[in-house]
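*Asks:* Next up is a structure, given as structure tokens.
The values are calculated or read from the model by the stated rules, or taken from the named source; none is laboratory data. Keep in mind that what you see is a predicted model, and the values were worked out from it rather than measured. Cβ: placed from backbone, ideal geometry, glycine included. Neighbour counts: every protein chain shown. The accessibility values were calculated without ligands, DNA or RNA, using every heavy atom of the protein model including side chains. Shrake-Rupley method; radii C 1.70, N 1.55, O 1.52, S 1.80 Å.
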Amino acid sequence: MNIILLGPPGAGKGTQAQRLVERHGMRQLSTGDMLRAAVKAGTPVGLRAKAVMERGELVSDAIVSALIGEELDAMPPGQGAIFDGYPRTAAQAEALDVLLEGRGRHLDRVIELEVDEDALVDRITGRFTCATCGKGYHDKFEQPKLPGTCDRCGGHEFKRRPDDNAETVRTRLAEYRAKTAPILPIYEARGIVWRVDGMAPLDAVTAEIERIVGDEAAAERG
Ligand code: AMP
């Protein structure tokens with residue numbers, strides 16, 4: 001099963017993708033994570049992407065589609081993929097069709113997380129992750145149970161994204177509205193779009209996503 005989680009920055013795509021990974025052994029393909037890793041490693045892709053990401057603009061379609069292709073090639077054929085933060089433009093949506101088809105895969109579901117834009121700046125500027133295992137937290141909504149210690153791995157180091165500031169978030173939202181939201185009709189025409197209320201509590205969002213993908217993913221696992 002291959003699914004896209006679609007929604008503006010801060011909608012909860014990454015969190016819900018992680019939960020799908022834990023529950024169903026699917027693989028999260030986050031172009032944002034891949035790009036951040038490339039920036040950290042100082043690869044040619046990272047060097048080109050760094051300033052663009054810091055401004056909150058979109059990295060080129062060719063770069064992100066190539067990253068997705070490489071990741072898909074590294075996956076066992078039977079493992080499901082969750083596309084998180086990709087595709088973000090019509091050109092990427094077209095590229096994804098080609099990438100999937102060339103690997104004998106097809107897109108099963110597009111899940112749109114609907115959120116109130118006013119809440120997004122708050123959500124994004126408060127978030128941080130464990131530097132060791134990547135578990136997500138939030139200043140207001142989800143602090144580690146033991147202060148300074150990751151609930152999942154016991155790590156003590158946490159980090160924040162440089163582009164999670166109020167100013168960059170506004171550019172990221174504008175990019176979403178202008179370039180990403182318009183790809184929804186492509187998938188609506190195929191009848192594969194499901195909408196989920198991304199303002200509901202995290203567990204309720206997970207339950208709704210489970211209802212949409214759960215049975216099929218469990219059946220595939222056997
Ligand atoms: P994200 O982690 O998905 O919020 O992405 C962080 C940043 O990486 C974005 O603001 C873009 O600069 C870049 N990025 C991530 N995914 C894509 C994509 N599919 N297309 C273009 N740029 C991307």
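*Asks:* Can you name the number of the only condition in (1) surrounded by fewer than 22 Cβ atoms within 10 Å (Cβ to Cβ); (2) more than 10 Å from the ligand (Cβ to nearest atom) that LEU6 fails?
*Replies:* Checking LEU6 against (1) surrounded by fewer than 22 Cβ atoms within 10 Å (Cβ to Cβ); (2) more than 10 Å from the ligand (Cβ to nearest atom), the one that fails is (1).
*Asks:* Give me the pairs: first residue in the range 35-63 and without any contact (Cβ under 8 Å) to a residue 60 or more places away in the chain and on the phi < 0 side of the Ramachandran plot, second residue near the ligand (Cβ under 7 Å from one of its atoms) and among the polar types (S, T, N, Q), beta-carbon distance under 7 Å, and six or more apart or on different chains, which are they?
*Replies:* Note: pairs meeting the criteria are ASP61/THR89; ASP61/GLN92.
*Asks:* Name every residue in the range 135-173 that is farther than 24 Å from PRO201 by Cα and either in contact (Cβ under 8 Å) with a residue 60 or more places away in the chain or open to solvent by 60 Å² or more (accessible area, probe 1.4 Å) (or both), in order of residue number. Write out each step before concluding.
*Replies:* So the first thing to find is which residues in the range 135-173 are farther than 24 Å from PRO201 by Cα, and the list is 154-157, 162-163, 167-168, 171.
HIS156, GLU157, PRO162, ASP163, GLU167, THR168, THR171, listed by residue number.
*Asks:* Determine which member of the set GLU22, GLU70, GLU57 is open to solvent by 50 Å² or more (accessible area, probe 1.4 Å) and modelled with pLDDT under 95. Before you say what the answer is, go through the steps one by one.
*Replies:* Numbers: GLU70 fails: modelled with pLDDT under 95; GLU57 fails: modelled with pLDDT under 95.
Unique residue meeting the criteria: GLU22.
Table: residues versus (1) more than 29 Å from ALA74 (Cα to Cα); (2) part of a helix (DSSP H, G or I); (3) of a type in the set (Val, Ile, Thr).
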| site | (1), (2), (3) |
| --- | --- |
| ARG105 | no, no, no |
| VAL110 | no, no, yes |
| GLY134 | no, no, no |
| PRO144 | yes, no, no |
| ARG152 | no, no, no |
| THR168 | yes, yes, yes |
| GLU175 | yes, yes, no |
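*Asks:* Please go through the range 25-54 and give me each residue that is within 9 Å of the chain's Cα centre (by Cα) and either closer than 11 Å to PHE83 by Cα or surrounded by 21 or more Cβ atoms within 10 Å (Cβ to Cβ) (or both), ordered by number. Explain how you work it out, then say what you get.
*Replies:* The first filter runs over the range 25-54 and keeps only residues within 9 Å of the chain's Cα centre (by Cα), leaving 28-33.
Result: GLN28, LEU29, SER30, THR31, GLY32.
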